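Notes follow the structure.
The values are calculated or read from the model by the stated rules, or taken from the named source; none is laboratory data. The shown structure was predicted, so the numbers you read here are calculated from the model rather than taken from an experiment. Cβ placement follows ideal geometry from the backbone for every residue including glycine, while neighbour counts extend to all protein chains displayed.
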Amino acid sequence: MRTSNFLIATQKETPADAEVISHQLMLRAGLIRKLAAGLYTWLPLGLRVLRKVETVVREEMDASGAQEVSMPVVQPAELWQESGRWEQYGPELLRIQDRHQRDFCLGPTHEEVITDLVRDEIKSYKQLPVNFYQIQTKVRDEIRPRFGIMRSREFLMKDAYSFHVDQPSLEQTYAVMHQTYTNIFTRLGLDFRPVIADTGSIGGSASHEFHVLADSGEDDIAFSDGSDYAANVEMAEALAPGSARPPAAAELAEIPTPGVKTIDELAAKLSIDPSHSVKTLVVHGEEEGQLVALVLRGDHQLNEIKVEKLPGIASPLQMAEEDAVRAACGAGFGSLGPVQLPIDVIVDRSAAVLADFVCGANKEGFHYTGVNWDRDCPLPRVEDLREVVAGDPSPDGKGTLQIKRGIEVGHIFQLGTKYSDAMKAQVLDERGKSVTMAMGCYGIGVSRVVAAAIEQNHDDRGITWPEAMAPFQLAIVPLNMQKSEAVASCAEELYQKLRNAGVDTLLDDRNERPGVKFADMELIGIPHRIVIGDRALAEGNIEYKGRRDSDSQLVPRDRIIDFLL
Ligand code: ATP
Ligand code: MG
Ligand code: MG
Ligand code: MG
């Protein structure tokens, strides 16, 4: 590629609204441009990086035996109603209607679509196990899109879904995916850790997240210094000695609260002891006159109140939204009194503790424990709850915990039969009996990986890409090419030779000052650079510098190709 025919859209100034370094550098290096909140255009340079990540992911998924498919982004509401998630998923699900007023959503994930496909196509245990994947745009109406493409509303995900005749088969494929993810992130040159994760609102029995370690990460990870134990902090807290254990997803149930209209009635229905506090209350809305509430784990900390619209949920919940937000963000919870809310916020009257109140099963609301309490499962007392801090004993009994920040770039789940039960995805087993298929799902945030890699690979001059992700492997920077015939012909010759040898090469043939070209190539982060100038050329040399090297070196012209390859 020649820069004269390739958009180099670098910027000197650090954009004011970009908080993290990857977002700043992606804008400055000309990889992306913002269209609207959480929506970005990938410029040619950025797209090359994204495609390189995609290629590694595809090669490793293919090698694992998974089969690539491509499912629609637009999904019919009926499938989501069948799984129950049309109600449960909350406002992150972007819902649309077609011209006939039929409901659809833009896919944030594809469990329903793939389960629908597999229940039609797969009839016998002999066809199992199977693992289907796609690399495709996902849409999530994130409550707080931020950090550029790190948390955007449209992003590229690799999602895979495996189907099995039984749990042992699921566990085998899960182990293969765990290894595949390790291969992918290793090839991409990232410093990452698989950590034990909570199964969250998706449900299921086992889960790992893959985190890229970086201070700007949004998640806390607990590591043992005496073993390879690592867990996200929610999980480490749940397992910490002496901590109140949040119930497993399987132990949970929704709590119907018929006829409840006030906080006191709700508190009474949920058997909440006044000395308990509740961090998050998720209210689904009314179903046939019943308020369906999911109460999440207690916490003595008051976070913000989140009230969100859930399409399809009738008033009076919607009427309450503005008032609730005003009350929460205003003078504090003591001031709730005069606000008329049909359903109020649960108060710990003995202390200044209140609930995080969510209308609609906002997925963010599930974030902390990912669980809701069964009616019979006692809420933890404030004093039972433990924060995990550095220096705590590791839950595996080996060493003490350290806490680091991580960026979630991958997530694997054993879903069990959550979707296949709800959607009746069955096969005939060896004895000709119908059995419900077990299922796993496996995601990688392909676009987020790009930002995460920059968080780990940059210096004060710009990006220092790992080799596998760099938009170009090598930059040729000719000096004074427009005037020097010797420089121009040498640059052209090397450009052709390197391209023929399969090296992804960018020839900077712009009529710009050397300083401008060097700064651009360093900001863009191309791992290898050769400079062709009259003076060195007269002595038979070409200058080489690796992006991470402190000094350049001279290489004889007749040996430069061998040196580079
Ligand atoms: P997060 O906790 O960061 O919101 P998630 O747990 O909701 O992510 P998953 O449902 O596990 O995400 O999706 C699989 C992967 O997709 C995540 O591990 C992450 O890398 C990526 N991802 C999720 N949401 C976004 C987003 N808004 N922008 C970019 N990538 C995302
Ligand atoms: Mg999320
Ligand atoms: Mg997550
Ligand atoms: Mg996740």
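Aliphatic (A, V, I, L, M) and closer than 22 Å to PRO466 by Cβ: which single residue out of VAL20, VAL74, VAL69 fits that description?
Numbers: VAL74 fails: closer than 22 Å to PRO466 by Cβ; VAL69 fails: closer than 22 Å to PRO466 by Cβ.
Exactly one of VAL20, VAL74, VAL69 is aliphatic (A, V, I, L, M) and closer than 22 Å to PRO466 by Cβ, namely VAL20.
Looking at GLU522, GLU543, which one is more than 20 Å from ALA9 (Cα to Cα), crowded, with 17+ Cβ neighbours inside 10 Å and of a type in the set (Asp, Glu)?
GLU543
Would you confirm whether or not region 191-198 contains a residue that is within 16 Å of ligand 2 (Cβ to nearest atom), modelled with pLDDT under 95, under 29 Å from LEU106 (Cα atoms) and not hydroxyl-bearing (Ser, Thr, Tyr)?
Yes, region 191-198 contains a residue that is within 16 Å of ligand 2 (Cβ to nearest atom), modelled with pLDDT under 95, under 29 Å from LEU106 (Cα atoms) and not hydroxyl-bearing (Ser, Thr, Tyr).
Based on this model, can you work out whether ALA451 counts as of a type in the set (A, V, I, L, M, F, W, C) and away from ligand 1 (no atom under 16 Å from the Cβ)?
no
Identify, by number, the condition in (1) among the aliphatic types (A, V, I, L, M); (2) in contact with a helix residue (DSSP H, G or I) (Cβ under 6 Å, 6 or more places away or on another chain); (3) within 16 Å of ligand 1 (Cβ to nearest atom); (4) assigned to a strand (DSSP E or B) that VAL427 doesn't meet.
(3)
Would region 131-139 turn up any residue that is under 23 Å from ASP62 (Cα atoms), within 16 Å of ligand 2 (Cβ to nearest atom) and among the aromatic types (Phe, Trp, Tyr)?
no
Right, GLU265: modelled with pLDDT under 95 and within 16 Å of ligand 4 (Cβ to nearest atom) or not? Even if it seems obvious, please write down each step before you answer.
On the way: modelled with pLDDT under 95: yes; within 16 Å of ligand 4 (Cβ to nearest atom): no.
Spelling it out, it is not the case that GLU265 is modelled with pLDDT under 95 and within 16 Å of ligand 4 (Cβ to nearest atom).
Being surrounded by fewer than 18 Cβ atoms within 10 Å (Cβ to Cβ) and under 26 Å from GLU234 (Cα atoms) is the filter here, so list the residues in region 156-171 that pass it.
Scanning region 156-171 gives GLN167, GLU171.
For the structure I just gave you, tell me whether GLN179 is within 29 Å of MET469 (Cβ to Cβ) and either at pLDDT 95 or above or away from ligand 4 (no atom under 16 Å from the Cβ) (or both).
Answer is yes for this residue.
Can you tell me which residue is modelled with the lowest pLDDT among those in region 473-491 that are over 15 Å from TYR544 (Cβ atoms) and buried (at least 17 other Cβ atoms within 10 Å of the Cβ)?
As a first pass, look at region 473-491 and keep what is over 15 Å from TYR544 (Cβ atoms): 480-489.
Narrowing the set further to residues that are buried (at least 17 other Cβ atoms within 10 Å of the Cβ) leaves 481, 484, 487.
Details: MET481: 91, SER484: 95, VAL487: 97.
Out of the qualifying residues, it is MET481.
Which residue is surrounded by the fewest Cβ atoms within 10 Å (Cβ to Cβ), if the candidates are limited to region 116-129 and must be assigned to a helix (DSSP H, G or I) and either of a type in the set (A, V, I, L, M) or touching a Pro at 6+ places or on another chain (Cβ under 8 Å) (or both)?
Our first condition is that a residue be assigned to a helix (DSSP H, G or I); within region 116-129, this holds for 116-121, 125-127.
This time we only want the ones that are either of a type in the set (A, V, I, L, M) or touching a Pro at 6+ places or on another chain (Cβ under 8 Å) (or both), so: 117-118.
On the way: LEU117: 16, VAL118: 23.
That would be LEU117.
Tally time: how many residues in region 1-33 are in contact with a Gly (Cβ under 8 Å, 6 or more places away or on another chain) and surrounded by 13 or more Cβ atoms within 10 Å (Cβ to Cβ)?
Selection size over region 1-33: 15.
Could you tell me which of the residues PHE155, PHE104, PHE132 is within 16 Å of ligand 4 (Cβ to nearest atom) and not in a helix (DSSP H, G or I)?
PHE155
Need at least 3 residues that are more than 21 Å from the chain's Cα centre (by Cα) and at pLDDT 95 or above per element, so show me which helices (runs of 4 or more DSSP H) inside region 1-86 make the cut, counting only ones lying wholly within it.
44-63, 77-83
Does ARG405 meet the test of being surrounded by fewer than 21 Cβ atoms within 10 Å (Cβ to Cβ) and within 16 Å of ligand 3 (Cβ to nearest atom)?
When the stated conditions are applied, ARG405 passes them.
Of (1) farther than 16 Å from ASP166 by Cβ; (2) part of a loop (DSSP other than H, G, I, E, B), GLY410 satisfies all except one. Which?
Evaluating GLY410 over (1) farther than 16 Å from ASP166 by Cβ; (2) part of a loop (DSSP other than H, G, I, E, B) leaves (2) as the failure.
So, in region 135-152, of the ones that are among the polar types (S, T, N, Q) and assigned to a strand (DSSP E or B), which residue ends up nearest to VAL20 (Cα to Cα)?
Taking region 135-152 and keeping what is among the polar types (S, T, N, Q), we get 136-137, 152.
Those left that are additionally assigned to a strand (DSSP E or B): 136-137.
Working: GLN136: 25, THR137: 23 Å.
In this case the residue turns out to be THR137.
Return a yes/no flag: does region 209-222 have any residue that is within 23 Å of MET71 (Cα to Cα) and crowded, with 22+ Cβ neighbours inside 10 Å.
Checked region 209-222: no residue is within 23 Å of MET71 (Cα to Cα) and crowded, with 22+ Cβ neighbours inside 10 Å.
Please verify whether TYR89 is within 23 Å of the chain's Cα centre (by Cα) and within 16 Å of ligand 3 (Cβ to nearest atom), treating the condition exactly as stated.
It is true that TYR89 is within 23 Å of the chain's Cα centre (by Cα) and within 16 Å of ligand 3 (Cβ to nearest atom).
Only strands (runs of 3 or more DSSP E) wholly contained in region 463-565 count here; list those with 2 or more residues that are under 37 Å from the mean Cα position of the chain (by Cα).
Details: elements: 474-478, 505-507, 528-532, 541-546, 553-556.
Fully inside region 463-565 and qualifying: 474-478, 505-507, 528-532, 541-546.
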